[in-house]
Amino acid sequence: MWRVRLAISLAHLNIGARLAHTAAMASVNRTAHPFDKSRLEALLNRRFFYAPAFEIYGGVAGLYDYGPPGSSLQANIIAEWRRHFIVEDHMLELDTTIMTPAPVFETSGHVARFADWMVKDEKTGDVLRADHLVKNADKVMEDEKKKKKKIKTTAVQLPDEVVKEYKSILAQLDNYSGPELGQLCRSHDIRNPDTGNQVGEPQQFNLMFASSIGPTGQHPGFLRPETAQGHFLNFSRLLEFNNGRIPFASAQIGKSFRNEISPRAGLLRVREFTMGEIEHYVDPENKSHARFAEVRHIVLPLLNRFVQESGSTQVTKMSIGAAVDRGIVANETLGYFLARIHLFLLKIGVDPRRLRFRQHMANEMAHYATDCWDAEIQNSSGWTECVGCADRAAYDLSVHSARTGHPLVVRQALKEPIVTEREVPEFNKKVLGKTLGRDAGLVQRVVGEMSQEELVRLKGELSQGSATISADEKQIALTPELLTIERKTFKQSIREFVPNVIEPSFGFGRILYSLLEHSFWCREQDVERSVLSLPPLVAPTKVLIVPLSAKEEFDPLIEEVSMKLRRCGIFSRVDDSNTSIGKRYARNDELGTPYGVTLDFASLQNRTMTLRERDTTDQLIGSIDDVISVIMGLVHGALTWEDACTRLKAYGGVQAIE
């Protein structure tokens, strides 16, 4: 038997683990280098998070393919969305069709109203979205001043009065109509930034993709711009599935399509995207929520419509309970979902300092909404709507019911019948027809539409022998032989009503991209070493397995560790490439992998392995089973890194083997 000591130095590993260890996680300076979007985009492209679709054919603007890490990241975000909303709130999940017959969207109002304002370059014919042109005008003005002054690196300070006016315009931008956007372009000489040419008057452009169903094209259709209509058309079945009771919610995750005018902002402005939508059905007379007490203490950053209309974007932090009590948020159910959206976004890793809830102003409110708030996340493109939460009232169910004749209503048995009395007109139709001829139907309609007060007055006149009514500019005489009005008692045991709908609507692509920006940073010691600090909950890969040698004797141990992680429901990858261990870890820091385990020769003999934390690069050591137990707690949220430091020993860089 001979003994050797295997000394693995930190320099050899090139992973920056500390020799001295404390229970607390080391401080990491994520702001040592300013955010560099070009570095992030290079990383996302290099690691194939996503890429332009049909790239080898030249690509099509607004269409993207997700690579392995991007697909996994989106899938993990969606999986948490399902747990957070569908599972926790007992929602009914749907999967409805993408191709939709035209009458559905004609009825819903999308054919007439689902549009944005566009402008055309007067010389080239290039098309731009009008509000985006105005929004980006400040960047254009600064660029022009830089060109004139031949300044490359120094930002140009615009005059204070111009800055103030522009901030006021931006605060109200979503409230401007098309003609008002055109006036802004003229009065501020806003031009196409690519050509410097003037643009024409704004015109509306419908964002839906038109198509047809069937070989003859006789059934026009559209690719859906949202999943919501599939919920509403199935309301009767959903209600029956829920035993006829409300409130309840349906939820759906699926693809939607919008023919964006000029998509230029990566995943923030695309033509095909994945949505998650919830339709929560409530009694219009009672929009309280059974779980509101659980969230009423949660403080949200709110930007209400009145602040915006005054030309400001000042956010007020307020508990959702106070916001509902003061009428800033319309009702408890809407407030409940705003709070739950807030919790979800923080859970998946969105920076709370760059999150706000903005209320829609009058002109931008959707035609169906009575109140609407957007969860906006700040990124390098500004504040971006990532979640919309609207009170759609009874609009959708009402219009589809009227169009189809199918009653989309709730019938509720009353605990105690409601007894009412009212005046009821009774016509002697045989005599009425002989006496009035064609006017008989007109009289029935006019009398049938009378209020109770009008019927009481008409009843009194008839008791005097005759009465006269006005109908289509005619004066028609009535007698008790033609019409009697009697007071009758009615007993109502069933209440019938059209429910209102509260709708949270999530754009997963926008959330994913904003999360990537919030997670990206470069190490203080080396700006070339980029990191994505994705939470373990959503990280594409949870654990990197790094064998120190490619010898076959490592294979059984690698398979054992990999299998045990899989059985714990933890997605891991083995990196057995020939590059140094430091480069392997650096490569996976860019992929957002939060933890790594190293298997070395000591692992073969002592059955130990090291555990590395991505952000701090700290390392711990323990038996294989103990390390896997700690990883399971870390990934599933039962342990923090500080907890892990109390469960495992600090790794000093040296192990002994025989």
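The values are calculated or read from the model by the stated rules, or taken from the named source; none is laboratory data. For clarity, every value in this text was computed on a predicted model and none was experimentally measured. Cβ sites come from the backbone with ideal geometry, for glycine too, and all protein chains shown count toward neighbours. The accessibility values were calculated without ligands, DNA or RNA, using every heavy atom of the protein model including side chains. Shrake-Rupley method; radii C 1.70, N 1.55, O 1.52, S 1.80 Å.
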Starting from residues that are of a type in the set (D, E, K, R) and farther than 30 Å from residue 212 by Cβ, keep the ones in the stretch 94-128 and report whichever is least open to solvent (accessible area, probe 1.4 Å). 121
Select from the stretch 251-272 the residues that are part of a loop (DSSP other than H, G, I, E, B) and under 19 Å from the mean Cα position of the chain (by Cα) and write down the one among them that is surrounded by the fewest Cβ atoms within 10 Å (Cβ to Cβ). 259
Considering residues of the stretch 219-250 that are touching a Lys or Arg at 6+ places or on another chain (Cβ under 8 Å) and not in a helix (DSSP H, G or I) only, the residue farthest from residue 288 (Cα to Cα): 225
Scanning the stretch 619-635 residue by residue, those under 18 Å from residue 606 (Cα atoms) and hydrophobic (A, V, I, L, M, F, W, C) turn out to be 620, 621, 624, 627, 628
The stretch 227-243 - residue that is open to solvent by 10 Å² or more (accessible area, probe 1.4 Å) and under 16 Å from residue 397 (Cα atoms) and, of those, nearest to the chain's Cα centre (by Cα): 230
Within the stretch 398-408, identify whether any single residue is part of a strand (DSSP E or B), in contact (Cβ under 8 Å) with a residue 12 or more places away in the chain and touching a Gly at 6+ places or on another chain (Cβ under 9 Å), and answer yes or no. no
For the stretch 197-221, how many residues are open to solvent by less than 50 Å² (accessible area, probe 1.4 Å), out of contact with any His (no Cβ under 7 Å at 6 or more places or on another chain), under 30 Å from residue 183 (Cα atoms) and modelled with pLDDT of 80 or more? 5
Among (1) surrounded by 13 or more Cβ atoms within 10 Å (Cβ to Cβ); (2) at pLDDT 75 or above, the one test that residue 174 misses: (2)
Which residue, of 598, 610, is buried (at least 22 other Cβ atoms within 10 Å of the Cβ), closer than 18 Å to residue 577 by Cβ and among the polar types (S, T, N, Q)? 598
Can you run down the residue pairs with Cβ atoms below 6 Å, 6 or more apart or on separate chains, where the first is in the stretch 222-236 and among the small types (Gly, Ala, Ser) and the partner is not in a helix (DSSP H, G or I)? 228/277; 230/96
Of 540, 535, the only residue that is in a loop (DSSP other than H, G, I, E, B), in contact with a Ser or Thr (Cβ under 8 Å, 6 or more places away or on another chain) and either touching a residue at least 24 places away in the same chain (Cβ under 8 Å) or closer than 19 Å to residue 610 by Cβ (or both) is 540
Given the residues 445, 403, which is the only one that is under 53 Å from the mean Cα position of the chain (by Cα), surrounded by 13 or more Cβ atoms within 10 Å (Cβ to Cβ) and among the basic types (Lys, Arg)? 403
Given the criteria assigned to a strand (DSSP E or B), surrounded by 16 or more Cβ atoms within 10 Å (Cβ to Cβ) and more than 15 Å from the chain's Cα centre (by Cα), does residue 411 qualify? no
Quick test of your reading of the structure: residue 388 fulfils all but one of (1) in contact with a Leu (Cβ under 8 Å, 6 or more places away or on another chain); (2) within 27 Å of residue 515 (Cα to Cα); (3) small (Gly, Ala, Ser). Name the failing condition by number. (1)
Residue 182: over 25 Å from the mean Cα position of the chain (by Cα), in contact (Cβ under 8 Å) with a residue 60 or more places away in the chain, outside any strand (DSSP E or B) and under 24 Å from residue 85 (Cα atoms), yes or no? no
Say we look at the stretch 279-333 and pick out the residues that are small (Gly, Ala, Ser) and in a helix (DSSP H, G or I); which of these is most open to solvent (accessible area, probe 1.4 Å)? 293
Report, by residue number, each residue of the stretch 361-409 that is modelled with pLDDT under 95, in contact with an Asp or Glu (Cβ under 8 Å, 6 or more places away or on another chain), of a type in the set (A, V, I, L, M, F, W, C) and more than 15 Å from residue 305 (Cβ to Cβ). none
Any chance you could count how many residues in the stretch 469-484 are among the small types (Gly, Ala, Ser) and exposed (fewer than 11 other Cβ atoms within 10 Å of the Cβ)? 1
I'd like the full set of residues that are touching a helix residue (DSSP H, G or I) at 6+ places or on another chain (Cβ under 8 Å), over 16 Å from residue 631 (Cα atoms), open to solvent by 20 Å² or more (accessible area, probe 1.4 Å) and not hydroxyl-bearing (Ser, Thr, Tyr), limited to the stretch 533-553. 548, 553
If you check 493, 530, 466, which single one turns out to be open to solvent by less than 30 Å² (accessible area, probe 1.4 Å) and either under 30 Å from residue 565 (Cβ atoms) or touching a residue at least 12 places away in the same chain (Cβ under 8 Å) (or both)? 530
Taking the stated definitions as given, is residue 366 open to solvent by 20 Å² or more (accessible area, probe 1.4 Å), more than 15 Å from the chain's Cα centre (by Cα), closer than 30 Å to residue 244 by Cβ and of a type outside the set (Ser, Thr, Tyr)? yes
Which one is nearest to residue 511 (Cα to Cα) among residues in the stretch 26-59 that are without any contact (Cβ under 8 Å) to a residue 12 or more places away in the chain and in a loop (DSSP other than H, G, I, E, B)? 34
